[in-house]
Amino acid sequence: MGDQKPILYSYYRSSCSWRVRTALNLKGIKYETRPVNLLKEEQDIPEYENLNPLKMVPTLIIDGQILTQSVAILEYLEETRPEPALLPKNPIDKAKVRAIVQSIVSDIQPVQNLRVLKHSGQGSNWGNHWITLGFRAIEKQFKETAGVYCFGDSITLADLCLVPQVYNANRFEVDLTEFPIIRRIEAQLNELQAFRDAHPSNQIDCPTDS
Ligand SMILES: N[C@@H](CCC(=O)N[C@@H](CS)C(=O)NCC(=O)O)C(=O)O
């Protein structure tokens with residue numbers, strides 16, 4: 001393992017960066033934040049593209065490696081810093097947690113990403129529509145899986161993905177009243193220090209007037 005403090009390229013309101021911030025906090029990994037302002041299109045600057053050809057955040061520099069894709073980063077952290085565990089041990093349980101993760105990171109978040117909204121010319125109705133559909137699915141999944149958190153009573157990668165997605169749902173004015181389990185879990189998670197510290201309002205690049 002490298003001795004250098006990990007560096008996270010992040011944007012305060014980026015849900016994908018937020019997932020990684022929470023994992024780093026939960027696992028007690030001290031890191032340095034390098035803000036990438038998506039509204040100023042800093043993700044398109046060639047120096048950043050050299051780090052992350054996707055021109056997206058997050059990018060994590062850790063153990064002498066440049067890592068991209070938030071879920072690949074989460075899985076790497078889980079394998080190299082296994083405590084506290086953020087995936088269950090049993091393969092079936094693990095598959096169920098990963099299914100919730102994928103519902104959020106593959107089926108909901110990409111459709112409301114900045115570049116998609118810009119290219120499609122769609123506004124908040126678009127995001128609202130897709131988040132609502134996705135939340136209907138995961139609210140049903142939670143009827144089977146949820147305990148205190150998304151999967152039973154331990155925090156898993158699914159929880160790290162849920163909290164930022166609920167924040168985005170609020171930004172897109174999704175009516176959350178039909179999702180009581182999602183709301184309950186999110187409220188509980190937001191009480192925890194690691195989640196609070198990862199919140200956009202506690203990031204160094206959060207504008208003071210937001
Ligand atoms: N699959 C990628 C998605 C990353 C992503 O969508 N990042 C967003 C912020 S959450 C971004 O950088 N958007 C910039 C853009 O759309 O130009 C991951 O999970 O890391």
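None of the figures in this text is laboratory data; all of them are computed from the coordinates on show. These numbers come from a predicted model, not from an experiment. Reconstructed Cβ throughout: ideal geometry from the backbone, glycine too, with neighbour counts over all protein chains shown.
Descriptive notes on the structure:
- Beta bridge orientation in the chain: antiparallel %, DSSP, nearest 5: 60
- In loop segments of the range 1-61 as defined by DSSP, the trypsin sites (Lys or Arg not before Pro) with at most 15 further C-beta atoms inside 10 Å of their C-beta are 30, 40.
- Under 11 Å, Cβ to Cβ, from residue 17 - net charge with Lys/Arg +1 and Asp/Glu -1: +3
- FRET efficiency for the residue 193 to residue 29 pair, using the beta carbon distance and R₀ = 22 Å, is estimated at 0.95.
- For the range 30-141, the spread of Cα positions along each principal axis, largest first, Å: 43, 40, 20
- Cβ-placed point charges (K, R +1; D, E -1), dipole of the chain about Cα centre in debye, nearest 20: 260
- Number of Lys pairs (Cα under 26 Å; 8 or more positions apart or on different chains) in the chain: 17
- A straight line joining the Cα centroids of the range 1-68 and the range 150-191 runs 23 Å.
- Ordering 141, 95, 185 by the projection of their Cα atoms onto the charge dipole of the range 91-194, which places +1 on the Cβ of Lys and Arg and -1 on the Cβ of Asp and Glu, puts 95 at the extreme positive end.
- Working note: Cα gyration tensor of the range 91-194, eigenvalues times five, square-rooted, sorted largest first, giving semi-axes of 24, 14, 12 Å.
- Unit charges on C-beta of K, R, D, E only; dipole of the range 8-83, Debye: 320
- The calculated P(r) of the chain, using every Cα pair and 5 Å bins from 0, goes 1, 7, 15, 20, 21, 17, 11, 5, 1, 0 in percent.
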